[in-house]
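We did not get these values from a lab; they are worked out from the coordinates using the rules stated. Treat the numbers as computed from the prediction; the structure is a model and nothing was measured. Neighbour counts are summed over all protein chains in view; Cβ atoms, including those assigned to glycine, are modelled from backbone coordinates with ideal geometry.
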Amino acid sequence: MYCELRDSNRKAARPIPDPEIDIPAPAAGREATAVLAGGCFWCTEAVFQALDGVREVISGYAGGTAATADYRTVCSGLTDHAEAVLVRYDPSRIRYGQLLKVFFAAAHDPTQVDRQGNDRGRQYRSAIFAATAGENEVAASYIRQLDAAGVFKAPIATRIEPLVAFFPAEAYHQDYAERNPDQPYVATVAQAKVEKLRTTFPEHLKTNDREQAQP
């Protein structure tokens, strides 16, 4: 896996704004989920695990069927699956729109079509898997907002797809970056994205990550 961290499509003078609309916060104590695909799930998992309000991140597959939801088959590029993460979060501490902001700003390059860096294929596409009409509305509105603001040099290629099912990946993929910090790919690619998150969104970090982000 080689999902490179690239900022060449960002316009440096145009920071990513907050979403103009968001899903209303539910009653205290409720849990919500979001399913997002931004290339290699090792990368996206590591980013979202660092966010305050995120309870769990599961790497897996979305967009295809149970019969093809295994790593070897998905890597063929011949399925409808994308490598994705399911984010369980507390919406009273972090909203759906803020997860999307991190997704676009730090987790991946949303202008690349069916790829992230050297990872090529439909399984590496940029996608938001919407489970509700509200998620679909917020995601579509935010993409229009970012394109209109000219945040990226190229149009956003992120697809909004209906969430039919999410299939957890094999056990060895779960918490991969956390369990293998010295693995070369993790040390260079995944950690670079986490460092970008720490620099860009220090206010959204969990306590330990916030302390590490202090100069």
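Couple of notes before you dig in:
- Zone residues, segment 72-104, relative to D18, backbone N less than 14 Å from point 7 Å out along Cα-to-Cβ: 93-102
- Between amide H atoms placed 1.01 Å from N, distances below 5 Å from S126 occur with D114, R115, R159, all of them 5 or more places distant or on a separate chain.
- Simple Cβ-charge dipole of segment 32-205, Lys/Arg +1 and Asp/Glu -1, about Cα centre, in debye nearest 20: 360
- The distance separating the Cα centre of segment 138-195 from that of segment 26-74 comes to 9 Å.
- Contact order relative to length of the chain, as percent, for alpha carbon pairs under 8 angstrom and 6 or more apart: 32
- Net length gained if the chain between C75 and R55 were fully extended (0.36 nm per residue, minus Cα distance): 4.4 nm
- Rounded to whole numbers, the Karplus 3J(HN,Hα) couplings from phi for segment 68-73 are 10, 8, 9, 4, 4, 5 Hz, using 6.51 cos²θ - 1.76 cosθ + 1.60 with θ = phi - 60°, and x at Gly and Pro.
- For the chain, the mean residue ellipticity at 222 nm estimated from helices alone is -7500 deg cm²/dmol, where every DSSP H run of n ≥ 4 contributes -39500 (n - 2.57) and the total is divided by all residues, rounded to the nearest 500.
- Tensor-based shape of the chain (alpha-carbon gyration tensor, a/c under 1.5 rounded, otherwise prolate or oblate): rounded
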